[in-house]
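Everything on this sheet refers to the single structure shown next.
The values are calculated or read from the model by the stated rules, or taken from the named source; none is laboratory data. Source: prediction; values computed, not measured. We place every Cβ from the backbone using ideal geometry, glycine too, and count neighbours over all the protein chains shown.
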Amino acid sequence: MIAPDRAPAAGQPRTAGGPRGRRLRTPVLWGVVCGCLQAASPLAFFWLDDRTVYALGLVLIAAVYIGFAVADGRGMVITVETGVASVFVVVAAAAVTGSAWLLVAGLAGHGLKDLWQHRTGFVAHTRWWPPFCATVDFVAAGLIAVTVLADLQVGR
């Protein structure tokens, strides 16, 4: 159970979001940094097609949750997380030769899954991970969407 926000001690400034907001600040800030790096990742793998690099990233992100599920140890959690990861693997595979919008949808969908997991605490002991990963997913999806839209404008 999450403790309710308490009033700050005398002389302490009140921060936006209270103690919970402070707990989320670090994972979200690092998520922005990593989301930008994720969006720039094809630069590091210049010999591969951009879609392939992004698809591999989506698969890697999804696979991390299987590791968290195994660490949790509950069979139902392992089963659900493996099934969800499988969906993201299929989306990533389709995006390699299909529309780049599948990558944007896959990352945004994974971000929504992260928000759900943060709210429900479905996998134990991952309190900081879902807000971090959701931020990575949404930032990368947004930057990739901008790139896809820019390519569409140039291709006219």
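Here is how the numbers come out for the structure above:
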| quantity | calculated |
| --- | --- |
| Residue identified as touching a Phe, Trp or Tyr at 6+ places or on another chain (Cβ under 6 Å), on the phi < 0 side of the Ramachandran plot and of a type outside the set (Asp, Glu) among Val64, Val123, Val87, Val139 | Val123 |
| Output for segment 97-114, where each listed residue is of a type in the set (A, V, I, L, M, F, W, C) and over 9 Å from the mean Cα position of the chain (by Cα) | Ala100, Trp101, Leu102, Leu103, Val104, Ala105 |
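Okay, residues lined up against (1) at pLDDT below 95; (2) among the aromatic types (Phe, Trp, Tyr); (3) surrounded by fewer than 16 Cβ atoms within 10 Å (Cβ to Cβ):
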position	(1), (2), (3)
Tyr65	yes, yes, no
Asp72	yes, no, no
Ser86	no, no, yes
Thr97	yes, no, yes
Ala100	yes, no, no
Leu103	no, no, no
Leu107	no, no, no
Asp114	yes, no, no
